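The values are calculated or read from the model by the stated rules, or taken from the named source; none is laboratory data. Keep in mind it's a predicted model, so treat the numbers as computed, not measured. Because the Cβ atoms are built from the backbone with ideal geometry, glycine has one as well, and the counts that use them run over all protein chains shown. Heavy atoms of the whole protein, side chains included, go into the accessibility calculation; ligands, DNA and RNA do not. Shrake-Rupley method; radii C 1.70, N 1.55, O 1.52, S 1.80 Å.
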Amino acid sequence: MISRLVNELFYFYFILLILRIFLTWIPNIDWGNQPYKGISAITDPFLNIFRGIIPPIGGALDISPILAFIVLQILQGIIVGLLSGMGL
């Protein structure tokens with residue numbers, strides 16, 4: 001039961017990350033207004049970890065979310081696997 005909930009939370013976070021990435025392609029978005037401010041507040045701390053590791057290519061193309069998705073999937077597999085193994 002808990003493992004299923006945690007798995008769904010990971011899925012929801014994946015969706016938020018994808019939404020955040022797609023929204024960066026829209027130049028007129030004011031990231032200081034809701035709901036964009038909320039999405040940014042939830043996703044940027046995680047993405048910033050990887051932005052520090054992989055700088056944007058040519059100053060414009062940010063490929064750090066690819067690494068963020070890979071790490072998030074690994075974490076999901078480990079955490080959900082452990083919870084399932086414990087019968088939770």
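Data for the structure
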| item | result |
| --- | --- |
| Hey, ASP62 acidic (Asp, Glu) and exposed (fewer than 11 other Cβ atoms within 10 Å of the Cβ) or not | no |
| Residue match in the stretch 67-88 (condition: touching a helix residue (DSSP H, G or I) at 6+ places or on another chain (Cβ under 8 Å) and among the hydroxyl-bearing types (Ser, Thr, Tyr)) | yes |
| Residue in the stretch 10-20 that is more than 10 Å from the chain's Cα centre (by Cα) and either open to solvent by 70 Å² or more (accessible area, probe 1.4 Å) or small (Gly, Ala, Ser) (or both) present | no |
| Residue in the stretch 43-71 that is modelled with the highest pLDDT, counting only those that are under 15 Å from the mean Cα position of the chain (by Cα) and not in a helix (DSSP H, G or I) | ILE63 |
| Index of the failed condition, LYS37 passing every other in (1) basic (Lys, Arg); (2) in contact (Cβ under 8 Å) with a residue 24 or more places away in the chain; (3) surrounded by fewer than 14 Cβ atoms within 10 Å (Cβ to Cβ) | (2) |
| Selection count, the stretch 46-66, where residues are of a type in the set (Val, Ile, Thr) and within 18 Å of PHE22 (Cα to Cα) | 3 |
